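Report on one structure; see the data block that follows.
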Amino acid sequence: MIPVLDTTTSYLPLGRYACTLDELKQRYVDDQGLAASSTRAEIFDDLLAAREMLDDVSNDLVEVVWVGGSFVTGVLDPDDIDCTFVINGPAFKALPSNRKRSHVVDFNKRGWLREKTGLRVESYILIREPVANPFQGGGIHADAINYVSVRGAWDDWWMRVRTNPDKTSAPVVGDAEPKRGYLEVSWK
């Protein structure tokens, strides 16, 4: 269930919230307060087109998508939707060609999807690696270090708010404090 936005910040409360694609659309496209948007319906359709591109590679590739940024705020006309596609590691490794794997990895290049297709989706990927036990000897098991580091970094990233609204500016330490929540959207 998607919680209501904080009335003072227009952000989701801190945390990660599970929802469906239908719930995402209902809340951030069809909702009475946002239905007047000139961008939200098109951006949501662009997310579905990006979904189709990944599903065309393999139907069992994407497990969920983490959605953050201005699309999941009260901003009437966001520019795009920011998301991390959580990819099933074994399904990714089982893809029959390097070309298909390369196509999926392209989704992890900032601005690539919009530049190549015009879709207003700022996409990234996280390849989920199944690890039986990520802990070892009081620390992180060597087999899990990369995966849990990247997963943690994305979790941290989607809870940040930039102090400088210019997307081309580099983040600063002042942006590092968690200030908002994000969504984990089920794919199927």
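The values are calculated or read from the model by the stated rules, or taken from the named source; none is laboratory data. In this text, all values refer to a predicted model and were calculated from it rather than measured experimentally. Ideal geometry is used to build each Cβ from the backbone, glycine not excepted, and the neighbour counts take in all protein chains shown. The accessibility values were calculated without ligands, DNA or RNA, using every heavy atom of the protein model including side chains. Shrake-Rupley method; radii C 1.70, N 1.55, O 1.52, S 1.80 Å.
Here is the link list: K100/K167; K93/K188; K100/K179; K93/K179. Which ones come out longer than 27 Å on Cα distance?
K100/K167; K100/K179; K93/K179
Out of the DSSP beta bridges found with both residues in the chain, what percent are antiparallel (nearest 5)? Before the final figure, lay out the partial values.
Values: 12 of 25 bridges.
The antiparallel fraction comes to roughly 50 percent.
Dividing the Cα radius of gyration by the Kirkwood radius, what Rg/Rh value follows for segment 46-167?
Using Cα coordinates only, the ratio equals 1.00.
Indicate the gyration tensor shape class of segment 89-133 (rounded, prolate or oblate), computed on the Cα atoms with a ≥ b ≥ c the square roots of the eigenvalues: a/c under 1.5 is rounded; otherwise a/b larger than b/c is prolate and the rest oblate.
Details: a/c = 3.98, a/b = 1.72, b/c = 2.32.
Since a/c reaches 1.5 but b/c is at least a/b, the shape of segment 89-133 is classed as oblate.
At 222 nm, what helix-only mean residue ellipticity would the chain give, in deg cm²/dmol to the nearest 500, using -39500 (n - 2.57) for each DSSP H run of four or more?
That comes out to -8500 deg cm²/dmol.
Determine which residues of segment 60-76 fall in the zone a paramagnetic label at D31 would reach in this model, i.e. backbone nitrogen under 17 Å from the point 7 Å along Cα→Cβ.
67-76
Sorted from largest down, what three extents in whole angstroms do the Cα atoms of segment 1-108 have along their principal axes?
Principal extents (Cα only, largest first): 48, 28, 20 Å.
What's the carbon and sulfur percent of segment 105-146's accessible surface, probe 1.4 angstrom, rounded to a whole number?
Values: 1290 of 2570 Å².
Ligands and nucleic acids excluded, carbon and sulfur give 50 percent.
Gain in length, D55 to A170, computed as 0.36 nm per residue apart minus the alpha-carbon separation, to one decimal in nm?
Details: separation 115, 0.36 × 115 = 41.40 nm, distance 3.26 nm.
Result: 38.1 nm gained on full extension.
Using each residue's phi in segment 169-183, evaluate 6.51 cos²θ - 1.76 cosθ + 1.60 at θ = phi - 60° and report the 3J(HN,Hα) Karplus result to the nearest Hz, with x for Gly and Pro.
6, 6, x, 10, 4, x, 7, 6, 6, x, 10, 8, x, 8, 10
Which trypsin sites (Lys or Arg not before Pro) from segment 87-128 combine a DSSP loop assignment with at most 15 other Cβ atoms within 10 Å?
K109, R110
Suppose all protein chains stay in the model; what accessible area per residue would a 1.4 Å probe give for the chain, in Å²?
Roughly 53 Å² per residue, with all protein chains present.
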